[in-house]
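Data block below; observations after.
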Amino acid sequence: MAYKNYILVCGGTGCESSKANDIFENLKKEVTAANLDADVQVVKTGCFGFCEQGPIVKILPDDAFYVQVKPEDASRIVSEHIIKGRPVAELLYDAGKDKGRVRLKDVPFYQKQYRIVLRNCGVIDPRNIDEYIARDGYAALEKVLFSMKPDDVIDELKKAGLRGRGGAGFPTWQKWLFSQKVQSDVKYIICNADEGDPGAYMDRSVLEGDPHSVIEAMMIAGRTVGAAQGYIYIRAEYPLAISNLEKAIDDAREYGLIGKDILGSGFDFDIEIRLGAGAFVCGEETALMASIEGQRGMPRPRPPFPSVKGLWGKPTVINNVETLANIAVIILKGGEWYGSIGTATSKGTKVFALTGKISNSGLIEVPMGTTLREIIFDIGGGIRNGKKFKSAQTGGPSGGMITEEYLDTPIDYENLQVLGSIMGSGGLIVTDEDDCMVDVAKFYLGFTVDESCGKCSPCRIGGRQMYDLLEKITKGSGEESYVEQLERIGHAMKRASLCGLGQSAPNPVVSTLKYFREEYLEHINEKKCRSGKCKDLLKFTILPDKCIGCTLCARVCPVNAITGEKRQPHLINQELCIKCGECYTSCKFSAITRS
Amino acid sequence: MPNATETCACAQETDEQKYERIAEIIEGYGAQKTNLIQILHMAQGIFGYLSLELQQFIADKLRLPLSEVYGVVTFYSYFSTTPRGKYTIGVCLGTACYVRGGKKIIDRLKEILNIGPGETTPDQKFSLEVMRCIGACGLAPAITVNGKVHKQVNADKLKTLIANL
């Protein structure tokens, strides 16, 4: 039955934390109260991507895009828009001075996007298998089961040129082929949903918003390589994604799409969920397998590669969520179609989690080859609060910085590597002039030091040594020789660490040293942090000629380091000052300097 | 097979009943050691933390040495070997939250609660945790209270949030 209107409420983790559930319930109540249940369907979908503006409500077919909706707005959305046909203007997205309030098709955030992976996110109800099927869901599986041979599938993937979206960019067809060729009674398919890269959440969104696309792809992989069992290894930190996945697996089983003799083809396949337990290193494939086996998640040397000798010693294909979400579309539309999108070496699209000091935070999907400038300024709306762009960080703790002069580079695997960064899983964190690059490098290294499993010494010891050097630099006791030491240790870690975590851990430091060396030297030689992030290098002083003695700074100072009479210039006791900056941010007369 | 998220401990059970429930879960998993991590998740859901006694119980049921169970428990940051407060406040220090002021949030919470990360207030009301990216980067800086995400937190919001708990 077709409805006259569809009201889509974003039910991703982001919007849900801003009461999207209440909005959904209220909308349903209003629709029922207005006796419109037969004409209007209210659907809770996966993430729309534009998290900055959440919670978001879309109305189809009118193309209305309501942002920052509150639960109490439900009544006017129904009474005004649905009943009277008059969109609620003030809830529509405001695209700025010239454009004003616009419809969905004119929202700049979406204009340069191309959605393959996120095709169903924000469109269907992820907890309703029928909606997935209505959007060609499981049609690819059917095609693979009944009209394609395993070699045809691998051929199609080869034509498509799909490469792993988890970080390294290894061709997917090769992984599948290696596994297919190995003779073995048992083989496994693993979906790596241990998305630990800080600043990336595309996998979470896909699993929350379109879990069946991943399940279908795992079955296609199973059929192709000859595996009958799949595991989805997912972070315990993603409760909504886990819940939607569980529901999807149950429903698929009920429909005979998972289990024995699927669709009467004689093909058996089952899927189990395995929860991670908060260890970043488990995103590394051999560590992940150890964790599924119930052990400490420690990596082991490769080769043998998992495709040959993986889970419980059996051939195992491990693909990440975003990679898998591409598979069904490739099967249906063909490898040539997919291969026509993107650059010479990197095909298709890439999802980025655009975060940090950017105006429009959110999840975006663009064709490979889009430039960073387009992503940051056209889609992302530029830097927040009119600040100046400093760098874009890709690849998380394994990646590097990209500076202003390289913003026009088309993004693909190779180009990012040339710039000293990596594609990684697609985190894209924008920093502005207020961020200190030494501090950011220290942040990433702190992360990898914390998450190092400790098995191999280059990573365990090298990371700690580098971190200590950075700590000294940011505290004002750095020496010029540290720069060279950092580079030397970083080089050793890259060469000698056992797994990707240790091999790539020095990247943020090496990359900031390359592009922001002068900032390091400033910290070391002048004991100065230009952005004011390294507190130990700061000194706050009150300008007597500007201070009117309002006493505000003295009142906000948490350690009572500021003294002075009312209406008289105040003074900061430098020995007591903990450099928290409260006085600096609270002064209304610009009477406090930071140097 | 038991449902992976079914770990509700809201029922007022005695310790004995809780142990019984865990024994059933282990049986449900066929007492296989490969399911150790899933079992630990559920056991922690039931008891709130994994005491040494509980680890011993699980080790016996799975015919594993205690050292192996302990090794796994301490490897993963999600598992806790000490009791948690009624409310666990997790501060995200993923990159997006970090550059948008996550560190200030943790400093302020330390002041308000008078405990450090990994600690619990003496009245057992609050535990403070540092989290590595909860995937809510569009909402930075974000915190979680018993798993529920709160977005764009600042010092003022924190005070009201905690006062309302």
(request) Within region A:191-206, track down each residue that is within 25 Å of A:Lys314 (Cβ to Cβ) and either more than 14 Å from every other protein chain (Cβ to nearest Cβ) or in a helix (DSSP H, G or I) (or both). (result) A:Cys191, A:Asn192, A:Asp203
(request) Sort through B:Ser80, B:Ser67 and tell me the only one that's at pLDDT 95 or above and within 13 Å of chain A (Cβ to nearest Cβ). (result) B:Ser67
(request) Consider A:Glu479 carefully, then state whether it is outside the structural domain of A:Gly395 (by TED's automatic domain parsing), farther than 26 Å from A:Ala392 by Cβ and not hydrophobic (A, V, I, L, M, F, W, C). (result) yes
(message) Of the conditions (1) more than 14 Å from A:Ile330 (Cα to Cα); (2) assigned by TED's automatic domain parsing to the domain that holds A:Trp176, A:Val123 satisfies every one except a single condition; which number is it?
(response) (2)
(request) Pick out the one residue from A:Gly424, A:Gly476 that is among the small types (Gly, Ala, Ser) and farther than 17 Å from A:Lys350 by Cβ. (result) A:Gly476
(request) Give the residue, chosen from A:Glu52, A:Glu30, that is outside any loop (DSSP other than H, G, I, E, B), crowded, with 20+ Cβ neighbours inside 10 Å and within 11 Å of chain B (Cβ to nearest Cβ). (result) A:Glu52
(request) Return yes when A:Pro367 is within 29 Å of A:Lys99 (Cβ to Cβ) and surrounded by fewer than 19 Cβ atoms within 10 Å (Cβ to Cβ) and no when it is not. (result) no
(request) Pick out the one residue from A:Met219, A:Met202 that is more than 28 Å from A:Ser504 (Cβ to Cβ), in contact (Cβ under 8 Å) with a residue 60 or more places away in the chain and crowded, with 24+ Cβ neighbours inside 10 Å. (result) A:Met219
(message) Quick check on my filter: what residues within region A:240-298 are among the aromatic types (Phe, Trp, Tyr) and surrounded by 22 or more Cβ atoms within 10 Å (Cβ to Cβ)?
(response) A:Phe269, A:Phe280
(request) Among the candidates A:Arg274, A:Arg235, single out the residue that is over 20 Å from the mean Cα position of the chain (by Cα) and within 24 Å of B:Gly135 (Cα to Cα). (result) A:Arg274
(request) Could you list, in sequence order, all residues of region A:329-388 that are within 19 Å of the chain's Cα centre (by Cα), more than 14 Å from chain B (Cβ to nearest Cβ) and either assigned to a strand (DSSP E or B) or of a type in the set (Lys, Arg) (or both)? (result) A:Thr349, A:Lys350, A:Glu365, A:Val366, A:Pro367, A:Thr371, A:Arg373
(request) Starting from region B:14-32, take each residue that is within 14 Å of another protein chain (Cβ to nearest Cβ) and list its partners that are not aliphatic (A, V, I, L, M), counting only C-beta distances under 7 angstrom and pairs at least six apart or across chains. (result) B:Ile25/B:Pro2; B:Ile26/B:Lys61; B:Gly28/B:Pro2; B:Tyr29/B:Asn35; B:Tyr29/B:Gln38; B:Ala31/B:Lys61
(request) Filter region A:312-324 down to residues that are in contact with an Asp or Glu (Cβ under 7 Å, 6 or more places away or on another chain) and assigned to a helix (DSSP H, G or I) and give me whichever is surrounded by the most Cβ atoms within 10 Å (Cβ to Cβ). (result) A:Val321
(request) Would you check if B:Val72 is surrounded by 17 or more Cβ atoms within 10 Å (Cβ to Cβ) and over 16 Å from A:Glu237 (Cβ atoms)? (result) yes
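Residue-by-condition table, conditions (1) modelled with pLDDT under 95; (2) in a loop (DSSP other than H, G, I, E, B); (3) more than 22 Å from A:Ala236 (Cβ to Cβ):
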residue	(1), (2), (3)
B:Asn35	yes, no, no
B:Leu40	no, no, no
B:Leu54	no, no, no
B:Gly90	yes, no, no
B:Tyr98	yes, no, no
B:Lys104	yes, no, yes
(message) Give all pairs with beta carbons closer than 6 Å in which a residue from region A:351-378 that is among the acidic types (Asp, Glu) meets a residue that is assigned to a strand (DSSP E or B); count only pairs at least 6 apart in sequence or on separate chains.
(response) A:Glu365/A:Thr349; A:Glu365/A:Val351
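For every residue, the table says whether it meets (1) away from every other protein chain (no Cβ under 14 Å); (2) in a loop (DSSP other than H, G, I, E, B); (3) more than 17 Å from A:Gly222 (Cα to Cα).
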{"residue": "A:Asp270", "(1), (2), (3)": "no, no, no"}
{"residue": "A:Arg274", "(1), (2), (3)": "no, no, yes"}
{"residue": "A:Ala277", "(1), (2), (3)": "no, yes, yes"}
{"residue": "A:Arg296", "(1), (2), (3)": "no, yes, yes"}
{"residue": "A:Phe305", "(1), (2), (3)": "yes, yes, yes"}
(message) Of the residues A:Pro87, A:Pro71, only one is buried (at least 17 other Cβ atoms within 10 Å of the Cβ), within 30 Å of the chain's Cα centre (by Cα) and away from chain B (no Cβ under 14 Å); which?
(response) A:Pro71
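Yes or no, residue by residue, for (1) among the basic types (Lys, Arg); (2) part of a strand (DSSP E or B); (3) touching a Pro at 6+ places or on another chain (Cβ under 7 Å):
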site: A:Asp408; (1), (2), (3): no, no, no
site: A:Ser421; (1), (2), (3): no, no, no
site: A:Leu428; (1), (2), (3): no, yes, no
site: A:Asp435; (1), (2), (3): no, no, no
site: A:Val438; (1), (2), (3): no, no, no
site: A:Leu469; (1), (2), (3): no, no, no
site: A:Lys472; (1), (2), (3): yes, no, no
site: A:Gly478; (1), (2), (3): no, no, no
site: A:Arg495; (1), (2), (3): yes, no, no
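The values are calculated or read from the model by the stated rules, or taken from the named source; none is laboratory data. Just so it is clear, the model here is predicted, and its values are computed rather than measured. Backbone-built Cβ (ideal geometry, glycine too); neighbour counts: all protein chains shown.
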